[in-house]
Structures are given as structure tokens and as C-alpha cells.
Amino acid sequence: MAIKATGAEIILNVLKDQGVDTLFGYPGGAVLPIYDAIYQQNHINHYLVRHEQGATHAAEGYARSTGKVGCVLVTSGPGATNAITGIADALLDSIPMIVITGQVGTPLIGTDAFQEADIVGITRSCSKHNYLVRNVEDLERVMHEAFYIASSGRPGPVVIDVPKDVQFAEYEYTGELVNEHKTYKPIIDGAPDAIAEAIKLIKNAKKPIFYTGGGVINSGPEASEALREFVELTGAPVTSTLMGLGAYPASGDKWLNMLGMHGSYEANMAMHDCDVMICVGARFDDRITGRIDAFAPHCKKIHIDIDPSSINKIIQVDVPIVGDVKSVLTDMIKLWKAGNCSKTQPSLKPWFKEIDAWRARNSFAYNKTDDVIAPQYAIERLYELTKDQDTYITTEVGQHQMWAAQHYKFDEPNRWMTSGGLGTMGYGLPAALGVQVAHPDALVIDIAGEGSIQMCMQEMATAMQFGLPIKIFILNNERLGMVRQWQQLLHGERYSATYSESIPDFVIMAQAFGCLGLRVSDPAKLDDTIKEMMAYNGPVLVDVEVEKHANCLPMIPSGAVHNEMILEDVLADVEVSDAGKRLV
Amino acid sequence: MQDNQHTLSILVDNEAGVLARVIGLFSARGYNIESLTVSEIDQATNMSRITVVTSGNEKIITQIKQQIVRLVPVHSVVDLSLGEASVEREMALVKVAGVGQKRVEALRLADAFRAHTVDAAVDSFIFEITGRTDKVTQFINLMKPLGLVEASRTGIAATSRGAEAVHAE
Ligand SMILES: Cc1ncc(C[n+]2csc(CCOP(=O)(O)OP(=O)(O)O)c2C)c(N)n1
Ligand SMILES: [Mg+2]
């Protein structure tokens, strides 16, 4: 039954009908009517951040740890432009997100009015889709459509720009959900003939490998279940991108660790030497492939992806399967079982023998000393002390992020939140807030660098205001470590602007926000400090003073091939081609 | 892989900003646009057709098509250059100024190219010419020494041969 409602009320009604109870936002003139409507209801909890970028990353953390759509509300002009980084981040990592931006009133649009920015124009290339709603009659439909587009197919951010007069205007609210679209129709089920061809390849493979990515996580926990089952059936080893960690358990015996630029020796060597590659919900990103013309040269490639444009974009594949990971893997399992494929498969023992030799190189090994905390050791201890709890990890961007990916072990999906595609410093702290909102009793830890944490550190105030007991675990090397590493490797050890002379005293800073601040530099005291962090019922910042010049290894330098990875800390002696230096 | 010219017919919902979405995609991803025409084709269904001539190897053209289809308001994309079953035409208005022998020669060539004279003054003409792009280009080039002032071209309109619609329902 239709009821009369203002635009602002329609927005809140749609949120409610879409099952949304959490909104991250920041008010301003162009969204006052919506904030007024929020004040007068109690089904949606609004979390006031301290910077709009924080709202977007919080929504990403919320979305990625729950599978639900993350929702953001910001004002026009600077509010909306501050949100751009998070929108772009969500696009590259395929995170379902709705961003409602206020806009100046329709009569003022195009006049350079106060706090006017062309947000639909600005976000056109960094959102999955966007709308400017000029008429209140369109608002309900657009809102529902936006949820459908954000959450279906390859998920992504959808921006809805709502002029202030539209928020005041009245119209009927019908409450009808939209689950289809005239032109946008994602493909869910894979083509049966392609699936059959894939099964044929896998069952005859002597050196198969699963290369999985964030698409498995996006497809939901059942997709991870299906992946695990299919891995067991085929017996093939598994590696994953940064975004896919947790889909297959790190404790599983087929696990090869992460692949790519800072991936394990065994994962990259196995990718290089395999005879059948099964890419599941990953997209052959340049951090994964290394030099493209020499990428995995001896294999047939199967690619499962819900986005047809991901197929053959970078790497030409033999069997493309467009569809949702869960649906496709379920069909593959059925066909595998129906054909009794496990029985007739060649033995994979020789393949695992090769793999075991690569594993024996122990490529994540590092130097441990008694006087300084090795950053890898800090992650290792953090893992050991938190693994039996209900733990979620977010990260910032840099060496600490890669060490976290290498040394923290994930056995479940949705436990690992990191900015992979855009590589956004400042992501981890607000993302942790979003995770904590969704999982109030869980232990949520942002593994940070001292550089990155300064990008969104104001969100500690948000943590305090809403009693979100997140833990910020800074690996403080007093350097923009990842950039410093590249300068050491590629730019003749000329450390241009990667050392900041003034780093805040993080312990005092934490206290200034009302959080607990801890500092540790002695390896012998690390465990106790981590325990103290865990025991405190409130937000904690731990400043872990680590070895300042450690490099993140192994590493495939830009422009190199998987089997040319650097294993030991001999970076300064490495020759990188001029073509490689030009790559990011 | 060799670069070839392709004419893509793109059927879109005629909503605000849809052209910017399609064009923005070309510039953001570094694809060429050699010709572009846009027009509403059916008011009742609120649809427009965008015809883009682009070039690239097979892999790039496939990628372009898939990226375009991914845009939410796009109904379908058809590559009219697959097979040879398409008709492509372009129209141009060509303004030529001159007197005496040049003027006579311009008129003679216009006649040979089946261009219509849509405006005439004592010292100038405007010709309307329709045809394949290379024919239009050739005509304009021939007018250069004869006093070409300017040419305004429409870009390409294209459809497939035969009874079938380009964009099947
Ligand atoms: C917003 C943003 N600006 C710049 C960069 C480039 N960048 C990548 S890693 C890095 C250094 C990060 O330093 P820190 O947070 O201390 O981490 P570390 O590498 O030292 O562990 C920089 C500047 C980025 N990824 N994001
Ligand atoms: Mg650092």
C-alpha cells in the first residue's frame, strides 16, 4: 500500500526495506532533510565518522565482513569529493556499496552554487553506476535499482546524488522491491559445454593448480565451501590472490600460500609450471602475472568470472566460463562426481613432490634477532595469540600489508579486509570500524604502518564515540617502507621523501583520543603487549617499533617472470630491466 | 594481431549522461574513436543508437565490446564489421567559394559525385554529399584547390543488410 512520504523519508524507507540498519556518514547543508529524518526514526543506526573517506572505507569493511551492502551518506561538494577515494577503492575491489550524496537544489544545478560539484560526472569512471535523481517520483525506483546493481553480478559502488529540493518533495512510497533491470542482466550460470570442457581438462591434468581470488569471497560463504569440496575431489593445490585469502583455508594441505609479486616461491613456481590452471574469481592483475608474455607458458587456462570483460582482458584463456563462482563450482562438482573423475585421474604425487621441493625453500623465512622486533615476527606472534578468537584483520597499505598477508593465516572467508586493487593507504582503520560495527563482540585488528595510519587517524574519535574496541597494530619502521624498498631496488638507494622526520608519539596520540596507547620495542615483551591489547575493553593503539630496513620478500620485480623471483635480501644487487622500471 | 576498423552499433536507454558514459569509457581505457553519431531512434521505448567507428586488433575490439555491454544503460552492442553485411553512410555539407573556372569545375565535380547544391550565391556553393566515408573524404579533398571554405560531416550511420534488425530483441 502506498503511503505519502518526503524524498528524505523515501530514502530511509528503502534502506529499511533493503534490510539496512547501518549507515556511515557525515552531515552538511545538502543532506539536512535526510539527517532530520534519521533523527526521527530508530531502525537505522548512523555512525558519524570524522572524514567522508572514513565513511566509505567503514562501509567497505562492513560489506566485506558480512556480504551485505555497505551504505554511506555524505553532503554535496566537499563531502562527496572526500568520498571519492573510497568509491574508487570499492570499484577496484568489487565491494557492494551505496553512496548517497546530497546535491544543491535542482534550480541551482549547473550554476556553480555553494558546495556544488558534478558528482555524477566525477564518479562516472569510478563507480559501477550512478544516478542524479531530479524528480522525487524516480527516487524509490532508483534507490532499489541501485541496491540491485551494487549487490548483484560483479558487485561495486553505486552513487545516488539527490538534490536538496528532491529530499523535501513528497511522493507515494510503494515499498516494492526491484530485482531486475531492463538492460543490466548479470549472468549467473556457466555455459554447460564450457563447464564440461573444463572438467575434461582438469581430470587429465598432471599438474593442475587453482588460482583463486576475491570473486570467491564475493560469491558468498557457500562459494568457499564449494571451492573446498572441489579441491578435495580433484586433489589439486590452491593458491590465492591477496583479495581471496581465506576462501581456501591456510591450514589445508593443498594450500600453497598467496601468489604474485610478494607471494610464496611454491605458489609462483607452481603457477609457472602447471599444465592446467583453474582461475576462479580472479582477474590476472599485473601484481599476479608479472611479465605477461612469459606468464604460465605451459598450461591450458580455465577462467571462471562473473564479469565477461575480465575474460581475455590481460591473458588469453582456453576455457572461459562466465558465471557466478558458487553456481559454476557447484555444477563442476556435480559433473566431476557423475563422471567418477577422481578414479581415472593421473596421480598428482609427482606434482606434489615438485611442490614440496619448492615449499622447502621456505620463502617467507626472515631474520629474527633478540634485540629488534622483526616485522614478520610481530605478525607471527599476533597470529599465534589471536588465532583462537573470533578475529578479523584489516590492513593499511605497504610492507606491513604484505607481511600480514604472508604471515597471518586465514581459515575462513570474510576475515581479511585489505585494499588490493587501489592500494589505498588509510583504508585499514575506518574499515576496522565498519567490521566492528557488524561484529560487535569480535576482535578486530588493523595491521598498520606508521605512514598509512596518519591518513585516517582521526577515525579513532569515531571508535571512541561509538564504543568500537578496535585494535590498531602499527609496525612502525619510521619509513614509508614499501616505497623505500623500491627506491633501494630501482632507484640507486636514493631515498627521496620516504623518511618523515616528524612522526607523532602514537601513544600520546592514542591517549589524546581517549584510547589506550601501548609501545613495545623489545621482542621479549611483544607477547605481553599483544595480550594487554587484547585484554583491554576499548580501542587500543599499539606502536610496535620494528626493524627499520627490512625488505618485503620474496619479490617478483616489475617486468620479471614468476620463476625469476628474488628470495633473499640481495635487493641492491638485482638488475631490473629499463622496461621493468617503467612499470608501477 | 592486426589493427582493423570496426563499426559498433550500440543500443542504449536514452537517459541523461549515457553518451558521456560510453565516450568516457573510450577515453579512460585509451580506445580510439574515429567517428561517432548519436540519435534517438524510438521515443516510445526511449532508446538511442550510438554508432562508433573504432580501430584495434581482435582482442581489443572484443574488450571494447565487453566493456560497453557492462555499462548499465546499454542494451546491446553489435559489431557491424563482422562479415561484410553492413551498409555505412555519411553525409557532409561542403562550402566552396570561388568564381570563374574554379566555380564551374566545382559544380562539375559535385555533379559527378551526385552531390546536391543546397545553397548557392554568386561566389559560393554549399553541397550536400552522402556516401561512404572514403567517397565523402575524396570529394572534400577535390574541393580544396577549388575554394573549400569548410566541411561539416555527420559521422557514420550504419545498419546491416537484409531484413533483420541489427539489435534483435
Ligand atoms: C593514498 C596513498 N598514497 C600513496 C601511496 C603509495 N604508497 C604505497 S606503500 C607506501 C608506504 C606506506 O608506508 P607505511 O604505512 O609506513 O607502511 P610500510 O610500507 O612502512 O609498512 C606508499 C607511500 C598509497 N598506496 N596510497
Ligand atoms: Mg612504515
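The values are calculated or read from the model by the stated rules, or taken from the named source; none is laboratory data. If you're wondering where the values come from, they're calculated on a predicted model, not measured in any experiment. Cβ sites come from the backbone with ideal geometry, for glycine too, and all protein chains shown count toward neighbours. Only protein heavy atoms, including side chains, enter the accessible area calculation; ligands, DNA and RNA are left aside. Shrake-Rupley method; radii C 1.70, N 1.55, O 1.52, S 1.80 Å.
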Inset, instruction - Any residue in segment A:389-417 that's within 15 Å of A:Ala250 (Cβ to Cβ): show its pairings with residues that are polar (S, T, N, Q) and within 16 Å of ligand 2 (Cβ to nearest atom) at Cβ separation under 7 Å, as long as the two are six or more apart or on different chains. - result: A:Trp403/A:Gln376; A:Ala404/A:Thr395; A:His407/A:Gln376
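Here is a list: A:Ile87, A:Ile109, A:Ile122. Which entry is hydrophobic (A, V, I, L, M, F, W, C), within 12 Å of another protein chain (Cβ to nearest Cβ) and either open to solvent by less than 20 Å² (accessible area, probe 1.4 Å) or within 18 Å of A:Val158 (Cβ to Cβ) (or both)? Spell out how you get there, then give the answer.
Details: A:Ile87 fails: within 12 Å of another protein chain (Cβ to nearest Cβ); A:Ile109 fails: either open to solvent by less than 20 Å² (accessible area, probe 1.4 Å) or within 18 Å of A:Val158 (Cβ to Cβ) (or both).
The unique qualifying residue is A:Ile122.
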Inset, instruction - Among the numbered conditions (1) touching a residue at least 24 places away in the same chain (Cβ under 8 Å); (2) surrounded by fewer than 24 Cβ atoms within 10 Å (Cβ to Cβ); (3) in a loop (DSSP other than H, G, I, E, B), tell me where A:Glu145 comes up short. - result: (3)
Inset, instruction - Go through segment B:81-110 residue by residue and tally those that are touching a helix residue (DSSP H, G or I) at 6+ places or on another chain (Cβ under 7 Å) and in a loop (DSSP other than H, G, I, E, B). - result: 1
Legend entry - Single unsatisfied condition, B:Lys102 versus (1) of a type in the set (D, E, K, R); (2) open to solvent by less than 60 Å² (accessible area, probe 1.4 Å); (3) away from chain A (no Cβ under 14 Å): (2)
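Can you tell me which residues in segment A:361-397 are of a type in the set (Val, Ile, Thr), open to solvent by less than 20 Å² (accessible area, probe 1.4 Å) and more than 21 Å from A:Asp411 (Cβ to Cβ)?
A:Ile373
Kindly evaluate A:Trp351 against the criterion of being more than 16 Å from ligand 2 (Cβ to nearest atom), open to solvent by 10 Å² or more (accessible area, probe 1.4 Å), assigned to a helix (DSSP H, G or I) and touching a residue at least 12 places away in the same chain (Cβ under 8 Å).
Values: more than 16 Å from ligand 2 (Cβ to nearest atom): yes; open to solvent by 10 Å² or more (accessible area, probe 1.4 Å): no; assigned to a helix (DSSP H, G or I): yes; touching a residue at least 12 places away in the same chain (Cβ under 8 Å): yes.
Considered against the rule, which asks whether it is more than 16 Å from ligand 2 (Cβ to nearest atom), open to solvent by 10 Å² or more (accessible area, probe 1.4 Å), assigned to a helix (DSSP H, G or I) and touching a residue at least 12 places away in the same chain (Cβ under 8 Å), A:Trp351 comes out as no.
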Legend entry - Count - residues of segment A:427-459 that are more than 16 Å from ligand 1 (Cβ to nearest atom), more than 16 Å from A:Gly86 (Cβ to Cβ) and of a type outside the set (Asp, Glu): 7
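When residues of segment A:301-315 are filtered for being at the interface with another protein chain (Cβ under 8 Å from one of its Cβ atoms), in a loop (DSSP other than H, G, I, E, B) and either without any contact (Cβ under 8 Å) to a residue 12 or more places away in the chain or in contact with a Pro (Cβ under 9 Å, 6 or more places away or on another chain) (or both), how many remain?
Taking segment A:301-315 as the starting set, the residues that turn out to be at the interface with another protein chain (Cβ under 8 Å from one of its Cβ atoms) are A:307-309, A:311-313.
The next check asks that each one be in a loop (DSSP other than H, G, I, E, B); those that pass are A:307, A:311-313.
From what is left, the residues that are either without any contact (Cβ under 8 Å) to a residue 12 or more places away in the chain or in contact with a Pro (Cβ under 9 Å, 6 or more places away or on another chain) (or both) are A:307, A:311-312.
Residues meeting the conditions: 3.
Kindly establish whether A:Pro557 is farther than 30 Å from A:Ile292 by Cβ, part of a loop (DSSP other than H, G, I, E, B) and not basic (Lys, Arg).
Working: farther than 30 Å from A:Ile292 by Cβ: no; part of a loop (DSSP other than H, G, I, E, B): yes; not basic (Lys, Arg): yes.
So A:Pro557 does not fit the description; no.
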Legend entry - Residues within segment B:20-31 that are surrounded by 15 or more Cβ atoms within 10 Å (Cβ to Cβ) and under 18 Å from B:Gly155 (Cα atoms), tallied: 4
Inset, instruction - For residues that are more than 14 Å from chain B (Cβ to nearest Cβ) and either of a type in the set (Ser, Thr, Tyr) or over 19 Å from A:Glu225 (Cα atoms) (or both), scanning just segment A:316-331, find the one that is most open to solvent (accessible area, probe 1.4 Å). - result: A:Asp318
Inset, instruction - Output yes when any residue across segment B:111-129 is touching a residue at least 60 places away in the same chain (Cβ under 8 Å), away from every other protein chain (no Cβ under 14 Å), over 20 Å from B:Arg153 (Cα atoms) and not in a helix (DSSP H, G or I), and no when none is. - result: no
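Matching residues to (1) more than 14 Å from chain B (Cβ to nearest Cβ); (2) more than 9 Å from ligand 1 (Cβ to nearest atom); (3) in contact with a Phe, Trp or Tyr (Cβ under 8 Å, 6 or more places away or on another chain):
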| site | (1), (2), (3) |
| --- | --- |
| A:Ile470 | yes, yes, no |
| A:Ile474 | yes, no, yes |
| A:Gly481 | yes, no, no |
| A:Arg484 | yes, no, yes |
| A:Gln487 | yes, yes, yes |
Inset, instruction - Quick one: count up the residues across segment A:125-143 that are within 14 Å of chain B (Cβ to nearest Cβ) and more than 24 Å from the chain's Cα centre (by Cα). - result: 8
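Of all the residues that make up segment A:498-551, how many are in contact (Cβ under 8 Å) with a residue 24 or more places away in the chain and not in a loop (DSSP other than H, G, I, E, B)? Explain how you work it out, then say what you get.
So the first thing to find is which residues in segment A:498-551 are in contact (Cβ under 8 Å) with a residue 24 or more places away in the chain, and the list is A:500, A:503-504, A:506-507, A:509-510, A:513-524, A:526-527, A:530-531, A:533-534, A:536-551.
Now restrict to residues that are not in a loop (DSSP other than H, G, I, E, B): A:506-507, A:509-510, A:513, A:516-520, A:523-524, A:526-527, A:530-531, A:533-534, A:540-546.
Matching residues across segment A:498-551 total 25.
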Inset, instruction - Working carefully through the options A:Tyr171, A:Tyr248, find the one that is aromatic (Phe, Trp, Tyr) and either surrounded by fewer than 20 Cβ atoms within 10 Å (Cβ to Cβ) or more than 28 Å from the chain's Cα centre (by Cα) (or both). - result: A:Tyr171
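Among the strands (runs of 3 or more DSSP E) lying completely within segment B:1-80, list those that include at least 1 residues that are within 11 Å of another protein chain (Cβ to nearest Cβ) and under 24 Å from A:Gly156 (Cα atoms). Explain how you work it out, then say what you get.
Values: elements: B:4-13, B:35-42, B:47-56, B:74-79.
Ranges flagged: B:4-13, B:74-79.
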Legend entry - Search result, residues across segment A:19-75 that are under 24 Å from the mean Cα position of the chain (by Cα), within 27 Å of A:Glu170 (Cβ to Cβ), outside any strand (DSSP E or B) and in contact (Cβ under 8 Å) with a residue 40 or more places away in the chain: A:Gly19, A:Val20, A:Tyr26, A:Val69
Legend entry - In segment A:181-231, residue nearest to the other protein chains (Cβ to nearest Cβ) [restricted to those that are over 26 Å from A:Thr289 (Cα atoms) and in a helix (DSSP H, G or I)]: A:Asp193
Inset, instruction - Output the number of the condition that A:Leu385 fails; it satisfies all remaining conditions of (1) part of a loop (DSSP other than H, G, I, E, B); (2) hydrophobic (A, V, I, L, M, F, W, C); (3) in contact (Cβ under 8 Å) with a residue 24 or more places away in the chain. - result: (1)
